[in-house]
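*Asks:* Take a look at the following structure, please.
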Amino acid sequence: MKVAVFNTKRYERHVLEHAAKSVRGGSIEFTFLDVRLDGQTVALARGHEAALIFVNDVADRSVLEKLKEGGTRFLATRSAGFNQIDRIAAQDLGIQLAYVPAYSPNAVAEFTIGLILTLGRHIHEGHNRVRRADFNLEGLCGFELRDMTVGVCGTGRIGSAVVRLLSGFGCKILAYDEEPNEEVMLRASYVDTREELFRFSDIITLHVPLMPSTFHLINAESIDLMKEGVFLINTSRGALLDTPSVVEALKSRKIGFLAIDVYEEEASLFFEDRSSDIINDDTFARLLTFPNVIVTGHQAFLTNHALRNIAETTLLSLTEFAEGVPCSHAVPHHD
Ligand code: NAD
């Protein structure tokens, strides 16, 4: 079976190829493409029965229609989120969808803790100072997590792993989810509303998927509810934040710390070396000027463990599609 693999980097190609060697019948033939899937690149999938994409590819109705015209019947995202795919259009067109629901919730959870500790203890600034032979500690005083109330918004696979890791630090943990989880209840106190979580947390970390109900969840109104100097972390999806409102709140000191691994307009920035480019996105450029902001380029997932699991799960989905058996990791149907 011919498989077009959009948006691939060197670090994952060899892992996918290695996983493909163990596929029953060994019949997967990859075409690796640097470009992301969108209206301009979709023609590259012509003649491939399956296509693989990642978080910032575009799989809207018009792209899916062109994929189908070109003979593609199966589309898998190598990610846990699938908000980039128009699921209704895929259903209408009979394109099967798969994803990787739990390649390593711990990868993102550990990264989240890393962001809290880095910014909360100014580790990044300390590192930069020492490299300049500046050993002054002025401005590097941090906080201890045991003195904090941490609010975890979304306690699915990643959020519940964050709660598990946080429980070792002795902080008070609040949680909010539309579907509370029993394991989380052993370590955290669920609040009844998102607003309560925002009101009572010193640190708020977001682990809900991007959907219409969570789009710009963090906006001027929700920020208003938060404590002065709140620490906000987003390792989920960029559009959970209304970034201009967040910038205003950083300027007014309402938000005291911000750590983000995702950005609403990241598709035109992340995953490439743009160090010689002029950044035209003024909101993003403004974020980079704050000393109390850390931005990483969607790397929370990136561990050896996660890459191996992504490759193995994706190969299983391709094999199931090839054999005509139900897909173990099908994207849930749109209600
Ligand atoms: P999950 O589906 O296991 O958990 C999501 C949780 O959010 C569920 O428990 C659900 O009930 C809850 N939820 C949904 N809508 C809600 C709402 N409106 N209010 C409160 N709770 C709500 O997903 P997961 O595996 O934990 O992943 C969470 C998100 O993390 C993914 O959707 C993806 O966007 C993001 N992610 C980011 C990276 C990265 O590298 N930065 C990697 C993997 C996943």
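Laboratory data are not the source of any read-out in this text; all were calculated from the coordinates shown. Bear in mind that the values here come from a model prediction, so they are computed numbers and not experimental data. Using ideal geometry, Cβ is built from the backbone for each residue, glycine included, and neighbour counts are taken over all protein chains shown.
*Asks:* Can you give the charge dipole size of the stretch 146-231 about its Cα centre, rounded to the nearest 20 debye, using +1 on the beta carbon of Lys and Arg and -1 on the beta carbon of Asp and Glu? Before the final figure, lay out the partial values.
*Replies:* Numbers: 8 positive and 13 negative charges, 76 e Å.
So the magnitude is around 360 debye.
*Asks:* Sticking with this one: Per DSSP helix of 4 or more residues, -39500 (n - 2.57); summed, then divided by the residues of the chain. What does that give at 222 nm, rounded to the nearest 500? Intermediate values should be presented prior to the final figure.
*Replies:* Numbers: 12 runs with 115 residues, N = 335.
Counting only the DSSP helices, I get -10000 deg cm²/dmol.
*Asks:* Under 10 Å, Cα contacts only: if you run a Gaussian network model on the chain, which one of Asn219, Asn234, Asn136 comes out with the highest mean-square fluctuation?
*Replies:* Checking each option, the largest mean-square fluctuation is seen for Asn136.
*Asks:* Going highest first, how would you order 119-127, 99-107 by mean Cβ packing within 10 Å? Please list the in-between numbers first.
*Replies:* Working: 119-127: 16.2, 99-107: 20.9.
Most protected by this proxy first, the peptides run 99-107, 119-127.
*Asks:* Shifting gears a bit: How do the peptides 235-248, 149-162 rank, highest first, by the average count of neighbouring beta carbon atoms within 10 Å per residue? Spell out each step's value before the answer.
*Replies:* Values: 235-248: 21.3, 149-162: 24.1.
Ranking the peptides 235-248, 149-162 by packing returns 149-162, 235-248.
*Asks:* Where both partners of a DSSP beta bridge lie in the stretch 1-136, what percent of those bridges are antiparallel, to the nearest 5?
*Replies:* In the stretch 1-136, DSSP labels about 0 percent of beta bridges as antiparallel.
*Asks:* Still on this structure, I have one more. Please name whichever of Val152, His124, Phe270 sits farthest to the positive end of the charge dipole of the stretch 105-295, dipole taken about the Cα centre and charges placed at Cβ: Lys and Arg +1, Asp and Glu -1.
*Replies:* Farthest towards the positive end: His124.
*Asks:* Please compute P(r) over all alpha-carbon pairs of the chain, binned at 10 Å starting from zero, and give each bin as a whole-number percent.
*Replies:* Bins of 10 Å from zero give 5, 24, 31, 24, 13, 3, 0 percent of pairs.
*Asks:* Would you work out which of Ser27, Met1, Ser62 lies farthest towards the positive end of the dipole of the stretch 1-66? Charges go on Cβ: Lys and Arg +1, Asp and Glu -1.
*Replies:* The residue sitting farthest along the positive end of the dipole is Ser27.
*Asks:* Please compute the length gained on full extension between Glu195 and Gln40, using 0.36 nm multiplied by the number of residues separating them and subtracting their Cα-Cα distance.
*Replies:* Numbers: separation 155, 0.36 × 155 = 55.80 nm, distance 4.20 nm.
Between Glu195 and Gln40, full extension yields an extra 51.6 nm.
*Asks:* In nm², what is the average projected area of the convex hull enclosing the Cα atoms of the stretch 105-295?
*Replies:* Values: hull surface 45.7 nm².
One quarter of the hull surface, i.e. the mean projection, equals 11.4 nm².
*Asks:* On each of the three principal axes of the Cα atoms of the stretch 275-330, give max minus min coordinate, whole Å, ordered largest first.
*Replies:* In descending order, the Cα extents are 52, 23, 21 Å.
*Asks:* Springs between alpha-carbon pairs under 10 angstrom, Gaussian network model over the chain: which of Ala89, Ala285, Ala249 fluctuates most?
*Replies:* It is Ala285.
*Asks:* Still on this model: Calculate the dipole size of the stretch 105-295 relative to its Cα centre from +1 charges on Lys and Arg beta carbons and -1 charges on Asp and Glu beta carbons; express the result in debye to the nearest 20.
*Replies:* Working: 18 positive and 29 negative charges, 138 e Å.
With Lys and Arg at +1 and Asp and Glu at -1, about 660 debye.
*Asks:* Between Ile88, Ile173, Ile53, where does the largest GNM mean-square fluctuation fall for the chain, given springs only between Cα atoms within less than 10 Å?
*Replies:* Ile88
*Asks:* Return, for the Cα atoms of the stretch 208-335, the radius of gyration and Dmax in Å, separated by a comma.
*Replies:* Looking at the stretch 208-335, its Cα Rg and Dmax stand at 18.3, 58 Å.
*Asks:* Compute, for the chain, the length of the dipole vector about the Cα centre, with Cβ point charges of +1 (Lys, Arg) and -1 (Asp, Glu) only. Units Debye, rounded to 20. If you can, show how the numbers build up before the last one.
*Replies:* Working: 33 positive and 45 negative charges, 182 e Å.
Charge dipole of the chain: 880 debye, to the nearest 20.
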